[in-house]
Amino acid sequence: MLPASAPEWLRQRRVAGVLTRHRYIDDCLAVALQGDVEQVVLLGAGYDTRAYRFARELRPSPPPCHLLAY
């Protein structure tokens, strides 16, 4: 979390970094799900909605999807 006194440009850069990282991970997961994936393991906090957002790609026989948050 940035302090309230952080400059606006730093806040915008932080948001852009988070969005870029999420998009990159989503793209990698989408490519992996097109192959022969046996299970999905998401490491880290804040990714707990990814399995729901990818529910269509995980069906009809979804691989196990595990979230390990710390």
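Just so it is clear, none of the values below were taken in a lab; they were calculated from the coordinates. Computed from a predicted model, the values in this text were never measured in an experiment. Quick reminder, even Gly has a Cβ in these numbers, built from the backbone with ideal geometry, and neighbours come from all protein chains shown.
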>> Can you give me the long-range amide H partners of L42? Hydrogens built in the peptide plane at 1.01 Å from N, cutoff under 5 Å, separation of 5 or more residues or another chain.
In response: H66, L67, L68
> Which is farthest toward the positive dipole end of region 1-43 among I25, L43, A6, measuring Cα position about the Cα centre, with Cβ charges +1 (Lys, Arg) and -1 (Asp, Glu)?
Replying inline: A6
> Taking θ as phi - 60°, what are the ³J(HN,Hα) couplings along region 37-43 by the Karplus curve (6.51, -1.76, 1.60), each to the nearest whole Hz, with x for Gly and Pro?
Replying inline: 8, 8, 7, 10, 10, 9, 9
